[in-house]
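Below you'll find the structure, written out as structure tokens, and then a few comments.
We did not get these values from a lab; they are worked out from the coordinates using the rules stated. If you're wondering where the values come from, they're calculated on a predicted model, not measured in any experiment. A quick note on method: Cβ atoms are made from the backbone with ideal geometry, for glycine too, and the neighbour counts reach across all protein chains shown.
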């Protein structure tokens, strides 16, 4: 492995740890806090998630502005950014399905994966089902829906 | 307001992580994408490194504050399984989740990600609020 590859891997590990620690500090590992935000009629609405997303976007915007002035990333030849701009039925249906699942249990992928290291059984069950859902989508469902397009 | 400092600072750290990955490695910190690619055997070392880092997060929290992050899981077993399946299928079909669409998509002012975020926020609020009436 070249030095640059190794450096990139180190940066990825650091970014992952920062992300996991940030989620832990933010309180968003706790499904009760997430539901407390999503359930707007509970009478004890918890706005925390807004501060988390707001803080993250506030920091990411200048980062994106910087990235747009760079010809290439520090440790790679080119940027690897999503190219798709389509707002289609797949995007909206998929996101809505994700939202329903998020609202049911209060888990989204980041916090659920990070919380695996805390060793709680329900988290393992959730991540197991999520992985099954991903494999189900990338296998049979993707084949079915691509036929229809 | 003071109650929300950890949330704001935690959120800002998510931003720092996303910017680090974007500016240094040229990649998007999207967790569902990272997990999905790992499952598909794509760029395994990089995606595995991010997941390992993610797992270290709660342990770092424990070593700094002498306690693990709080977690209260109220959902029943069938609800947890259903939620996991929906989150897995939905994030792959919608090409992203709260991190990729929510944080980076919004910061990049991507109309596609803004639409996705509006969709999952609306669905999440509708679901949790409806379920709240039965709690």
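So the values come out like this:
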{"item": "Volume of the Cα convex hull of the protein assembly as shown, divided per residue and given in Å³", "result": "128"}
{"item": "nm² value of the averaged projected area, convex hull over the Cα atoms of segment B:2-132", "result": "9.9"}
{"item": "Which of B:110, A:42 has the fewest Cβ neighbours within 10 Å, and the rest in rising order", "result": "A:42, B:110"}
{"item": "Equivalent-ellipsoid semi-axes of segment A:69-146, from the Cα gyration tensor, Å, largest first", "result": "28, 21, 13"}
{"item": "Sum of -39500 (n - 2.57) over DSSP H runs of 4+, divided by residues of chain A (222 nm, nearest 500)", "result": "-21500 deg cm²/dmol"}
{"item": "For A:58, A:118, order by how many other beta-carbon atoms lie within 10 Å, fewest first", "result": "A:58, A:118"}
{"item": "Distance in nm between pseudo-label sites at residue A:145 and residue A:132 (7 Å out along the Cβ direction from Cα)", "result": "2.0"}
{"item": "Reciprocal mean inverse distance between Cα atoms of segment B:55-135 - Kirkwood radius, Å", "result": "15.0"}
{"item": "Compactness of chain A as Cα Rg over 2.2 N^0.38 Å, two decimals", "result": "1.25"}
{"item": "Residue B:126/residue A:61 FRET efficiency (R0 22 Å; Cβ-Cβ; nearest 0.05)", "result": "0.20"}
{"item": "Cα pair distances exceeding 17 angstrom across segment B:40-85, given as percent", "result": "61"}
